[in-house]
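Quick notes on the structure that follows.
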Amino acid sequence: MERQSTYTATATIDEQGILTGWSEGARRLLGYDSPAVVGRSATALLAADGAAVRRALSGRTRWNGTVPLRHQDGRLVELDVLAHRRTSGTGGTEWLVVSAVAPRPQPPRGEPLEEWTFLQSPFPLAIFDAELRLVRANRRLERALALPEAAMRGLGLAHIVPGAASAEADRAMRLALESGRPQRAPARLGPDLGGTTVTPLKDADGRVRAVCLSVEQPSPEPAGRPRPPDVAEAPAGTAADQARAAQELGEVTVPRLADVMAVDLLDSPLTGTEARTHLPDRVVLRRAALRAVPDGDGPGRGTGVGEAVVCPADSPPARCLAMAGPQLFDTADPAVAEWAALDPGAAWLRASGARTLLAVPLLAAGGTLGVALFGRHPQRGPFGPEELRLAEEFSAKAAAGIEQARGYSRSRTTTMALQRSLLPHTLPDQEALEIATRYLPAATRAGVGGDWFDVIPLSGARVGLVVGDVVGHGIRASATMGRLRMAVRTLADVDLPADELLTHLDDLVLRLAADESSADPDADSAGGIGTTCLYTVYDPVTRRCTMARAGHPPPAAVTPDGTVRFLDVPAGPPLGLGGLPFEAFETELPEGSLLVLYTDGLLEARDHDIDEALDKMFAALGRPAKSLESVCDRVLAELLSHRPDDDIALLVARTRALHEDLVASWQLDDKPTVVSLARRYATEQLTVWGLDEAAFTTELMVSELVTNAIRYGRPPIRLRLIHRGNTLISEVYDSSGTTPHMRRARIFDEGGRGLLLVAQLAERWGTRHDRVGKTVWAEQSLTAL
């Protein structure tokens, strides 16, 4: 901090506006010694109305802009200052005001490629000179700190971001300067910023001339959690379209109507009633466009495109919004001149030297969207009636374009919210598969599609995996996706084989299409006809995988030795065609194999070069990886050459196995006397597993299930116990296809209470039909024992 004192002017001001601190740098800038100003009102140094400054600072924790001050010798000095509201040493509140002492360090410029690398880096970057004054800041850092480079240039990090984290980063920069070695400061500079890494910048002779500060990104979500669609990954057609409409307004009006112009937009439109009766003391807008004549002085520094603009209630933009009509101002008017002199959002007007200001509200059907501001130099004269008519006409067209872009943005946001609510937020607990997933929404104006994935625990420790792709985009596709996903879950819950499940799903799509066609004959997607789906069931006991697909790309499998292949699942027709069969495919996968399910957007992401996409996917899957998360990331990195034009769903699963020490089975005779033998088998096996406390409950359930199989089923009869984590599964198979039903026994009935007893003792129970016969199963939890 001491090394920076001669290059930075600092002053502290308490809440009453009294100067409580004055640095040597401040003396150099304004000529006053500390005793001459400390204890006096800060407004005594202003060459402007102090009330206007107080209004500009009201309700803020930070402010930056140009302030007119009086030097000790009486001349006017305009300083670019940065002010922070902070807690003082006595526990009160004070303002820390900082400004760089001239001359400011000039930012170095390199070759074009180097400039692009610095400016477009995905990481926030800053360059500090040997005196630890900021020289350069890239756009990422400007956005992260909500400060333009011009406001930070010449200041130390402790003055830009006051706090312990910046002090730690400052020490790291000093050490990097002295040692010539990179340093790291782990303390986070802000809630959306991570720690910092400092790299010394050396000249050709190896001398350290500056340091580069790189801010790390915050930690990602914990591994293993499926990533929901990210609204931040919206395509350029949302905010970019609004900005483009605003920029086009500047292109057609400068220099035709004005010498300089700006467009500031509200985050939410105002209705006419709101603008007149509910406009707050300060209006917050966001700058969408800024343009000046090519050969003019330019818009100057200050609030840039994309940054927030805070306008007092008496400022021209706020007055225009309140009146909901065009307003003409003379910049020599004291109120307008004060606003232009103090507000960073008006720096463009002050720098242009405009004498006349025309403010036109951007009106659309949805209300007032913002304001367009047009400035003219004195030599062109004021705006006339014809210029006013053209300004309103052009502004109305721009407002229509902005509203259309906002409507698309709202529609996409709604669709994304619906899509997020319908996709699984967490993966269910199961031990058959280790799973990682990814979902990427489309980056086109068509909107989010209907791709989905799901993981469904089934009976017998099995797991169902499903990936689907609904035809179309937008809310209709997302709603259809939600219907089909719930239908798959319902059909899977009754343990339908994969091919039969797709047959029932095909019938459902036909019914949905008929319902939608009768309600809306012009519907762009008839209930999901043409939807593709892949359904897979993995059994960790047998390590067999059964699957069927309806027009969907085939899954890939990777064996533990790194061999990658497509599984030869018969290609059934897409859903909704009706009358065509689906075929099941069954294969055995070694423990530790990878099963890869995806939607066709993954293979189409490389400009429809399917062969290249397949080669890259196989190469990415064949290389060893530490985790499934890295497998997903690697596949996407290899196949995505640009933002996807279609949604992408990716599910990667690693197979596990339940070995013989966790599974026990017995063949039983179909005689009533075998029931006691079955109870004994179960009790002895539970003793081997150390589950004696579960013996009584298990005996009762096994007894009832075996009795039902002997009484109502057909041989052969098999009993199987599966110990899976904190769950014990009891299963009894017989070759009869009849389904047992639970009923309420009357008082004098001798039977009818068996399944009722099983339902009371088990966490879950049900019936699973095989190609021949059925299995009645019951699961009990071991955590409560």
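The values are calculated or read from the model by the stated rules, or taken from the named source; none is laboratory data. Keep in mind that this is a model prediction, so the values were computed, not measured. Note that each Cβ is placed from the backbone with ideal geometry, even for glycine, and that neighbours are counted across all protein chains shown.
Observations on the structure shown:
- Test: residue in the range 91-109 that is at pLDDT 80 or above and of a type in the set (Lys, Arg): no
- Single condition Lys626 does not satisfy, out of (1) touching a residue at least 40 places away in the same chain (Cβ under 8 Å); (2) among the charged types (D, E, K, R); (3) not in a helix (DSSP H, G or I): (1)
- With respect to (1) touching a strand residue (DSSP E or B) at 6+ places or on another chain (Cβ under 8 Å); (2) modelled with pLDDT under 85, the lone exception for Ala204 is condition (1).
- Condition check for Gly375: within 21 Å of Glu251 (Cα to Cα), assigned by TED's automatic domain parsing to the domain that holds Val309 and at pLDDT below 85: no
- Any hit, the range 185-198, residues being within 33 Å of the chain's Cα centre (by Cα), more than 20 Å from His84 (Cβ to Cβ), of a type in the set (Ser, Thr, Tyr) and in a loop (DSSP other than H, G, I, E, B): no
- Members of the range 560-572 found to be in contact (Cβ under 8 Å) with a residue 24 or more places away in the chain and not in a strand (DSSP E or B), listed by number: Pro560, Gly562, Thr563, Val569
- Matching residues, the range 634-660, being in a helix (DSSP H, G or I) and crowded, with 16+ Cβ neighbours inside 10 Å: Arg634, Val635, Leu636, Glu638, Leu639
- Qualifying residue in the range 765-772 (condition: part of a loop (DSSP other than H, G, I, E, B) and either at pLDDT below 85 or among the charged types (D, E, K, R) (or both)): yes
- The number of residues in the range 143-159 that are within 18 Å of Arg188 (Cβ to Cβ), of a type outside the set (Gly, Ala, Ser) and surrounded by fewer than 21 Cβ atoms within 10 Å (Cβ to Cβ) comes to 2.
- Breaking point among (1) polar (S, T, N, Q); (2) within 51 Å of the chain's Cα centre (by Cα); (3) assigned to a helix (DSSP H, G or I), for Ser665: (3)
- The residue pairs whose first member lies in the range 152-178 and is touching a residue at least 24 places away in the same chain (Cβ under 8 Å), whose second member is part of a helix (DSSP H, G or I) and among the charged types (D, E, K, R), and whose beta carbons are closer than 7 Å, counting only pairs six or more residues apart or on different chains, are Gly156/Asp170; Leu157/Asp170; Ala158/Asp170.
- Screening His723, His741 for residues that are modelled with pLDDT of 90 or more and either in contact with a Cys (Cβ under 9 Å, 6 or more places away or on another chain) or not assigned by TED's automatic domain parsing to the domain that holds Ser630 (or both) leaves exactly one candidate, His723.
Yes/no matrix, rows are residues, columns are (1) farther than 20 Å from Ser395 by Cβ; (2) part of a loop (DSSP other than H, G, I, E, B); (3) touching a helix residue (DSSP H, G or I) at 6+ places or on another chain (Cβ under 9 Å):
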site	(1), (2), (3)
Leu328	no, no, yes
Ala335	yes, no, yes
Ala347	yes, no, yes
Ala351	yes, no, no
Pro361	no, no, yes
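- Some residue of the range 588-602 being free of Cβ contacts under 8 Å to residues at least 60 places away in the same chain and part of a loop (DSSP other than H, G, I, E, B): yes
- Set side by side, the residues Leu705, Leu677 differ, and just one is under 28 Å from Glu431 (Cα atoms) and either within 51 Å of the chain's Cα centre (by Cα) or not small (Gly, Ala, Ser) (or both), which is Leu705.
- Among the candidates Ala236, Ala223, Ala232, Ala275, residue that is assigned to a helix (DSSP H, G or I), more than 25 Å from Met323 (Cα to Cα) and at pLDDT below 70: Ala232
- Out of Arg679, Arg634, sole residue that is charged (D, E, K, R) and either more than 30 Å from Phe453 (Cα to Cα) or at pLDDT 90 or above (or both): Arg679
- Filter pass, Thr426 being at pLDDT below 75 and within 25 Å of the chain's Cα centre (by Cα): yes
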